[in-house]
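Comments concern the structure below.
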Amino acid sequence: MELTIAQKLEALLKLQSIDSQLDEIIKLRGDLPEEVRDLEDEIAGFETRIGKFNAEIQALEEEIERNRNVKKDAEKLINKYKDQQMNVRNNREYDAISKEIELQSLEIELADKRINEATFRIRTKEEEIKVTQNTLKERQEDLKAKKGELDQLTSESQEDEKKLMQHREEQSHHIEERLLKSYNKIRNNAINGLAVVTVKRGACGGCFNVVPPQRQADIRDKKKIIVCEHCGRIFADAEGAPEPATTGRR
Ligand SMILES: [Zn+2]
């Protein structure tokens with residue numbers, strides 16, 4: 001059954017009213033959903049950072065372990081060389097072994113230096129972890145509070161929202177797909193969520209630009225769907241129909 005233009009406009013206006021009520025519910029939540037999302041992102045960032053620090057500490061600990069082994073090997077070699085030095089046949093052999101011992105002593109010094117550096121860097125990382133963990137804890141508490149607030153608001157309006165969503169679903173079936181599509185498109189682009197408006201006091205109810213009297217008459221006729229030439233919103237009706245002067249109304 002093909003609906004008349006007037007019926008189509010009426011159906012659109014009903015849908016708009018449902019959507020506007022849904023918008024009001026969402027608006028009550030204010031910036032909370034966004035704040036919750038931001039906090040969740042921030043917390044994930046801190047957790048990643050702490051994970052990175054821990055991985056760096058592990059790498060540094062492995063470096064320390066490696067250098068401890070280098071030291072052990074060098075010490076073993078030095079002991080071996082010292083034994084050999086007891087049994088040299090001449091000064092040349094003695095000096096050659098002394099050189100080897102010197103080299104291994106340098107290895108030990110270098111390993112000690114690396115161990116000290118790595119130990120220092122581990123301490124710095126541990127400090128950074130502590131600071132990050134404190135901030136993380138604060139943010140987690142913020143998140144808990146904000147989430148609680150949001151959950152409270154959401155649960156309060158849950159019933160209404162569910163009912164409105166059902167109405168929306170039903171009402172959508174009364175509107176042909178092509179029209180519904182443009183309705184949704186206009187609504188998505190409109191800051192105030194209005195896709196269907198009426199002419200109020202001679203102006204578009206969406207963008208408040210003046211609608212010429214002839215156009216207002218066409219809108220009232222409802223012979224075709226007319227959109228605002230300024231904002232593209234659909235006109236459902238024009239209030240204040242020109243009536244005979246005797247009624248005293250305009
Ligand atoms: Zn407009």
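Return yes or no: is G240 exposed (fewer than 15 other Cβ atoms within 10 Å of the Cβ) and in a loop (DSSP other than H, G, I, E, B)?
yes
Inside the stretch 6-30, can you point out the residues that are of a type outside the set (D, E, K, R), within 11 Å of I175 (Cα to Cα) and open to solvent by less than 60 Å² (accessible area, probe 1.4 Å)?
L9, A11, L12, L15
Starting from the stretch 204-221, keep only residues that are of a type in the set (S, T, N, Q), then list their pairs with residues that are open to solvent by 70 Å² or more (accessible area, probe 1.4 Å) whose Cβ atoms are within a distance under 6 Å, requiring at least 6 positions of separation or different chains.
Sorted first by the residue in the stretch 204-221, then by its partner, the pairs are N209/H230.
Looking for whichever is of a type in the set (D, E) and open to solvent by 80 Å² or more (accessible area, probe 1.4 Å) here; the options are E56, E126. Which one fits? Outline the logic, then answer.
Values: E56 fails: open to solvent by 80 Å² or more (accessible area, probe 1.4 Å).
Just one listed residue meets the conditions, E126.
Please work out which residue is nearest to the ligand (Cβ to nearest atom), limiting yourself to the stretch 189-202 and to residues that are closer than 19 Å to S17 by Cα and open to solvent by less than 60 Å² (accessible area, probe 1.4 Å).
Here the residue is V197.
Any residue that is among the charged types (D, E, K, R), part of a helix (DSSP H, G or I) and open to solvent by less than 90 Å² (accessible area, probe 1.4 Å) - is there at least one of those in the stretch 100-108?
yes
Could you tell me whether the stretch 230-239 includes any residue that is more than 11 Å from the ligand (Cβ to nearest atom), among the small types (G, A, S) and in contact (Cβ under 8 Å) with a residue 40 or more places away in the chain? Reasoning before the result, please.
Initially, the stretch 230-239 is screened for residues more than 11 Å from the ligand (Cβ to nearest atom), giving 236-239.
Okay, now just the ones that are also among the small types (G, A, S), so 236, 238.
Remaining after also requiring in contact (Cβ under 8 Å) with a residue 40 or more places away in the chain: 236, 238.
Yes: one or more hits.
Conditions tested, residue by residue: (1) out of contact with any His (no Cβ under 9 Å at 6 or more places or on another chain); (2) open to solvent by 30 Å² or more (accessible area, probe 1.4 Å); (3) away from the ligand (no atom under 16 Å from the Cβ).
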{"site": "D142", "(1), (2), (3)": "yes, yes, yes"}
{"site": "S182", "(1), (2), (3)": "yes, yes, no"}
{"site": "C204", "(1), (2), (3)": "no, no, no"}
{"site": "C207", "(1), (2), (3)": "no, yes, no"}
{"site": "P212", "(1), (2), (3)": "yes, yes, no"}
{"site": "R215", "(1), (2), (3)": "yes, yes, no"}
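Among the numbered conditions (1) open to solvent by 70 Å² or more (accessible area, probe 1.4 Å); (2) under 21 Å from D38 (Cβ atoms), tell me where L136 comes up short.
(1)
Does the stretch 151-169 contain at least one residue that is within 25 Å of T4 (Cβ to Cβ), in contact (Cβ under 8 Å) with a residue 40 or more places away in the chain and under 35 Å from the mean Cα position of the chain (by Cα)?
yes
Could you grab me the full set of residues in the stretch 161-192 that are of a type in the set (G, A, S) and not in a helix (DSSP H, G or I)?
So the first thing to find is which residues in the stretch 161-192 are of a type in the set (G, A, S), and the list is 172, 182, 190.
The one that is of a type in the set (G, A, S) and not in a helix (DSSP H, G or I): A190.
The values are calculated or read from the model by the stated rules, or taken from the named source; none is laboratory data. Model, not experiment: these values are computed from the prediction. Here the Cβ is made from the backbone with ideal geometry for all residues, glycine too, and neighbour counts use every protein chain on show. Note: accessible area is taken over every heavy atom of the protein model, side chains too, but ligands, DNA and RNA are not part of it. Shrake-Rupley method; radii C 1.70, N 1.55, O 1.52, S 1.80 Å.
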